[in-house]
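**Q** Quick one: this structure, given as structure tokens, is what I'll be asking you about.
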Amino acid sequence: MATIDRTNLDETSKLQHSKRVVIKCGSSLLVDTSSGKVRGEWLKSLAADIKALLENDTEVLVVSSGAVAMGRKILGLKKKTKIEEKQAAAATGQVELMKAWQDALGEVNLHCAQSLLTAYDTERRRNWLNARATFDTLLSLGIVPIINENDTIATEEIRYGDNDRLAARVAQMVGADYLLLLSDIDGLYTADPRSNPKARHIPLVQAITPDIEKMAGGSNADAGVGSGGMRTKIDAAKIAISQGCNVMILDGRDKSPISRALAGDKATTFAAQLDPQTARLAWLRHNLKPQGAYVVDDGAAKALKKGGSLLPVGVKEVEGSFERGDAVAIKSGDGNIIARGLSAYNAHDAQMIMGKKSGEIEEILGYSGRPALVHRDDMVAE
């Protein structure tokens, strides 16, 4: 019988009111170690959990491992393989993995979309903006994005190596309120409970201190499928909570793991100190060096102060040389910086459309771009 935890009930009340959630599902939960196939009934129960979240007006993205594990079985490869064999396994297994997700979500009348990312995609601003825009569009259409690391093309220098950290970057990218890390254990303990019966469960972590980091044990390598462990989950939590996203490590081994957590099953929550929007504004204000600037007219300056986006029609001048996704300053006519943010266009294209209406962009540039030069979500006032 599950242990009900009062602290977890308090934390899950926050989860129930989340606008956007990222769920990370590892190989050791998704794939049966003996057959190399998806645990179908378990995945159906997770799909039902996702449906329940969506019906509660919570948008859901999933970061799913499993492609390499499934592909190895199909190709008859051993666990220790050459990088090119692992990439072949990823390419082969990804087809089966997405079919499994499509079938499971289809049973609850949901549709999914595949997205393959590398560390490069989540750290390069242009790719970051493209991916976020795609996710926002999919979520607005009621589609569940299924995200995985692109092992087919990723090499060691451009990959995460585990989906815990990738999930944290995705949560940061989309401004998620919660990151749910489904694990083979019900949270963080003072020691490994599998070898130390005196280990004490920690329901809530307010700050990740060196003592907390020391509590991380090994991975689930004995299962033969996963690459992560408590160490990578704490690393992921550090990334996510710094960006205003709460993180919950919960036991995913049994069916309906999210429903059980919401009912008060044991879990560990890493509490974010800021909400996602506040964290994002702080990041925009303190961590970006402008590569150029937009000089705006009085009307645009007033619109920005009211929380509007920067439209091309309000721009009088483009300064500097910058690429799409680079940081830019936004200046008033007297040269004072009134805001800064991420440009949706490079300097050349921005010069082409400045002073024009958004409806003229496609005719001028030859492609249908974003209506704003800097969207309000990517901007912070000075």
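The values are calculated or read from the model by the stated rules, or taken from the named source; none is laboratory data. The structure presented is a predicted model; accordingly, all values stated were derived computationally and were not measured. Don't worry about glycine lacking a Cβ; one is built from the backbone with ideal geometry, like all the others, and counts go over all protein chains shown.
**Q** Look through R260, R324, R340, R253 and report the one residue that is crowded, with 17+ Cβ neighbours inside 10 Å and closer than 30 Å to L54 by Cα.
**A** Of R260, R324, R340, R253, the one residue that is crowded, with 17+ Cβ neighbours inside 10 Å and closer than 30 Å to L54 by Cα is R260.
**Q** Condition first: in contact with a Ser or Thr (Cβ under 7 Å, 6 or more places away or on another chain) and either assigned to a loop (DSSP other than H, G, I, E, B) or β-branched (V, I, T) (or both). Now tell me which residues in the range 171-218 satisfy that.
**A** D177, D184, G187, A199, R200, I202, P203, V205, M215
**Q** Can you pull out every residue in the range 323-382 that is among the hydrophobic types (A, V, I, L, M, F, W, C) and part of a loop (DSSP other than H, G, I, E, B)?
**A** A344, M354, A372, L373 - these are the residues of the range 323-382 that are among the hydrophobic types (A, V, I, L, M, F, W, C) and part of a loop (DSSP other than H, G, I, E, B).
**Q** Any residue that is under 28 Å from A372 (Cβ atoms) and touching a Cys at 6+ places or on another chain (Cβ under 7 Å) - is there at least one of those in the range 94-103?
**A** No, there is no match, as no residue in the range 94-103 is under 28 Å from A372 (Cβ atoms) and touching a Cys at 6+ places or on another chain (Cβ under 7 Å).
**Q** Now for a separate question. Give all pairs with beta carbons closer than 8 Å in which a residue from the range 334-345 that is within 10 Å of L373 (Cβ to Cβ) meets a residue that is outside any strand (DSSP E or B) and of a type in the set (F, W, Y); count only pairs at least 6 apart in sequence or on separate chains.
**A** Cβ pairs passing all conditions: S343/F322.
**Q** Determine, yes or no, whether I361 is of a type in the set (A, V, I, L, M, F, W, C) and surrounded by fewer than 19 Cβ atoms within 10 Å (Cβ to Cβ).
**A** Here the answer is no, as I361 does not meet what is asked.
**Q** Against the definition (without any contact (Cβ under 8 Å) to a residue 24 or more places away in the chain and within 28 Å of R280 (Cα to Cα)), how does S358 come out, yes or no?
**A** When the stated conditions are applied, S358 does not pass them.
**Q** Just a yes or no: is a residue in the range 299-322 part of a strand (DSSP E or B), among the basic types (K, R) and within 24 Å of W283 (Cβ to Cβ)?
**A** No - not one qualifying residue is present in the range 299-322.
**Q** Pairs under 8 Å by beta carbon, first residue in the same structural domain as A52 (by TED's automatic domain parsing) in the range 245-257, partner surrounded by 24 or more Cβ atoms within 10 Å (Cβ to Cβ) and assigned to a loop (DSSP other than H, G, I, E, B), six or more apart or different chains?
**A** Matching pairs, first to second residue: C245/A176; I249/D186; I249/G187; L250/D186; L250/G187; D251/D186; D251/G187; G252/G26.
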